Amino acid sequence: MCMEQTPWERLTAFHDAVTPELALGYRAVMIGMREIGFKPRPDCALIVRAGVTSAAIDAFQLLCKTTWGNGRLLRQDAGQHVYDFHYTGTADILRLSIQPEILAHLTGATANDSARLRQQKHMQAIEALLSAAESAFCTISHLSGKLQPRDFTVQHTRCAV
């Protein structure tokens, strides 16, 4: 008998670890996808812009099917956990800004902690990230504008032998 995995189970298997950053990304994806809603048209594509590069990005790659490779996961590298969701063909951007109090859970364990204490702190942080009230987790705003997917036109060159 085959049992279907939950999105969280698929994500942790894909990432091959359970970390606070992964929990943050998972929660952001779940909220963002619910808020942005269904595709307005079959030919629309979802684009996500991340304000920081971290393990949280794996949630967007796996659960939203936006990747660096398909050009629909954009990096802003502003050093902030801000995530923009946009369907092509629309002029609306959904922005999730993660609250500073939530981000404090990402820095709980230190190298000086024992392995057991680090694991305990990680598990407490994951629980806090996944169970926080949505209003305490992030701010949701709607912006007008468009995100453009990156064009990965590959130029082929002939190699000399």
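Before we move on, is TYR87 among the aromatic types (Phe, Trp, Tyr) and over 23 Å from LYS121 (Cβ atoms)? Answer is yes for this residue.
Assess whether THR53 counts as being at pLDDT below 95 and closer than 16 Å to ILE126 by Cβ.
In short, no.
Of the residues making up segment 57-64, not a single one is surrounded by 16 or more Cβ atoms within 10 Å (Cβ to Cβ), out of contact with any helix residue (DSSP H, G or I) (no Cβ under 8 Å at 6 or more places or on another chain), touching a residue at least 12 places away in the same chain (Cβ under 8 Å) and small (Gly, Ala, Ser). Among the residues of segment 32-56, the ones that are aromatic (Phe, Trp, Tyr) and either in contact (Cβ under 8 Å) with a residue 60 or more places away in the chain or crowded, with 23+ Cβ neighbours inside 10 Å (or both) come to 0 in all.
Those strands (runs of 3 or more DSSP E) of segment 37-142 in which 1 or more residues are more than 20 Å from HIS15 (Cα to Cα), under 17 Å from the mean Cα position of the chain (by Cα) and among the small types (Gly, Ala, Ser) occupy 92-98.
Here GLN99 fulfils each of the conditions (1) modelled with pLDDT of 95 or more; (2) surrounded by 15 or more Cβ atoms within 10 Å (Cβ to Cβ) apart from (2). Kindly establish whether TYR26 is within 15 Å of the chain's Cα centre (by Cα), modelled with pLDDT of 95 or more, closer than 17 Å to LEU103 by Cα and assigned to a helix (DSSP H, G or I). It is true that TYR26 is within 15 Å of the chain's Cα centre (by Cα), modelled with pLDDT of 95 or more, closer than 17 Å to LEU103 by Cα and assigned to a helix (DSSP H, G or I). Return yes or no: is LEU74 under 17 Å from ALA28 (Cβ atoms), in contact with a Lys or Arg (Cβ under 6 Å, 6 or more places away or on another chain) and hydrophobic (A, V, I, L, M, F, W, C)? The answer is yes for LEU74. Listed by first and then second residue, the pairs linking a residue in segment 10-31 that is without any contact (Cβ under 8 Å) to a residue 24 or more places away in the chain to a residue that is crowded, with 23+ Cβ neighbours inside 10 Å and not in a loop (DSSP other than H, G, I, E, B), with Cβ atoms under 8 Å apart and 6 or more places separating them unless they lie on different chains, are THR12/LEU22. Residues that are in a strand (DSSP E or B), surrounded by fewer than 13 Cβ atoms within 10 Å (Cβ to Cβ) and either modelled with pLDDT under 95 or not basic (Lys, Arg) (or both) occur in segment 144-151; there is at least one. A single member of GLY69, GLY108, GLY89 is touching a residue at least 60 places away in the same chain (Cβ under 8 Å) and exposed (fewer than 15 other Cβ atoms within 10 Å of the Cβ), and it is GLY69.
The values are calculated or read from the model by the stated rules, or taken from the named source; none is laboratory data. Fair warning: this is a prediction, and the values are worked out from it, not measured in the lab. Reconstructed Cβ throughout: ideal geometry from the backbone, glycine too, with neighbour counts over all protein chains shown.
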